[in-house]
Amino acid sequence: MRVIFLGPPGVGKGTQAEFIAKKYHIPKLSTGDLLRESVDRKTALGKKAKGFMERGELVPDDVVIGLVEEKLASPECQNGFLLDGFPRTVTQADKLSGFLEKMGESLDHVVYFSLPRTDIVKRISGRRSCPECKAVYHLESIPPKRDGVCDVCGMALIQRNDDKPETIESRLAVYQEQTEPLIKYYKHRGILSELDGSGLVAAVQERLLVLLSQPR
Ligand code: AP5
């Protein structure tokens, strides 16, 4: 299966991507995770991306496209993949479509996660994650067993730099301006399905499984 998860920041794409990638035995390619890893490792790419990410802006297309194409060409992606957070601009979507065409492949689903803005802000501002094993929690809806401590590896949880209130607004504006046009882009190609992202994680998961099991 070749699938894209599209939607605003904090809507729950990453949470569901973990589950779907395991369920369908496909690699999850999250450009946000890949970029954060590069920033942590202080690689040349990470140094380029850091400022953009901290300001809540998109990292330039050429940087992200190079990163994704390298991954998609690798053997682990030959039988499918889940793209979480890519593409995010029309240029990225065009490049992806050219790449897949060249490989003789096509997308099975583009899932657009929708959620009211107030819920999005609540999800982002309550998010805490583990700097070591990358597990993601939420202060209210998915709290760790011990306050501020990762259930999996015992590390102290952190708040992402770009999850601070001042950056949330700019991420949402960037999403609206640069990524929202992809809804029309994929609708026009007949491969977009909208998923109601509200409710408990398990409820969203159930709706998602039904959606992915249907031929588009
Ligand atoms: P990225 O990491 O991709 O961030 P994002 O798209 O803004 O998405 P998030 O990770 O914020 O949210 P999510 O939808 O995965 O939600 P989650 O499941 O964590 O990108 C970060 C930055 O990298 C960008 O700003 C940009 O600079 C750069 N970048 C990345 N890709 C790029 C690209 N293609 N081009 C250019 N730049 C790029 O859930 C959120 C919270 O809600 C969590 O706390 C979770 O526990 C909780 N939650 C989840 N589901 C539920 C539920 N059903 N009920 C209650 N709580 C829930």
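None of the figures in this text is laboratory data; all of them are computed from the coordinates on show. Note that this is a predicted model, so its numbers are computed, not measured. FYI the Cβ positions are ideal-geometry reconstructions off the backbone, even for glycines, and counts take in every protein chain you see.
In a GNM of the chain with a 10 Å cut-off on Cα contacts, which of G190, G104, G154 has the highest mean-square fluctuation?
Highest fluctuation of the listed residues: G104.
How long are the semi-axes of the equivalent ellipsoid of segment 1-153, taking √(5λ) for every eigenvalue λ of the Cα gyration tensor, in whole Å from largest down?
Working: eigenvalues 136, 68, 52 Å².
Computed over segment 1-153, the values are 26, 18, 16 Å.
Cα-Cα over 24 Å: which of K42/K134; K122/K184; K50/K71; K95/K187? Walk me through the numbers before you get to the answer.
Working: K42/K134 18 Å; K122/K184 27 Å; K50/K71 20 Å; K95/K187 18 Å.
Pairs exceeding the cut-off: K122/K184.
Excluding same-chain residues fewer than 8 positions from K28, which aspartates and glutamates have a Cα within less than 12 Å of its Cα?
E18, E76, D84
Which residue fluctuates most in the GNM of the chain (Cα springs below 10 Å): L35, L200, L157?
Ranking L35, L200, L157 by mean-square fluctuation puts L200 first.
Determine the dipole magnitude for the chain: charges of +1 sit on the beta-carbon of Lys and Arg, -1 on that of Asp and Glu, nothing else is charged, the reference point is the Cα centre, and the result goes in debye to the nearest 20. Let's see the in-between values first.
Details: 32 positive and 30 negative charges, 39 e Å.
That gives the chain a dipole magnitude of about 180 debye.
Over all alpha-carbon pairs in segment 71-180, figure out the percentage whose distance exceeds 22 Å.
Numbers: 3070 of 5995 pairs.
Considering segment 71-180, 51 percent of its Cα-Cα pairs are separated by more than 22 Å.
Are there trypsin sites (Lys or Arg not before Pro) in segment 140-170 that DSSP marks as loop and that have at most 13 other Cβ atoms within 10 Å, and which are they? The partial results should precede the final answer.
On the way: sites: K145, R146, R160; in loops: K145, R160.
Passing sites in segment 140-170 are K145.
Take the Cα radius of gyration of segment 160-216 and divide it by 2.2 N^0.38 Å, with N its residue count; two decimals is plenty. If you can, show how the numbers build up before the last one.
On the way: Rg = 14.9 Å, N = 57, 2.2 N^0.38 = 10.2 Å.
For segment 160-216, the normalised Cα radius of gyration comes out at 1.45.
With a point put 7 Å past each Cα toward its Cβ, work out how far E54 is from L209 in nm, to one decimal.
4.3
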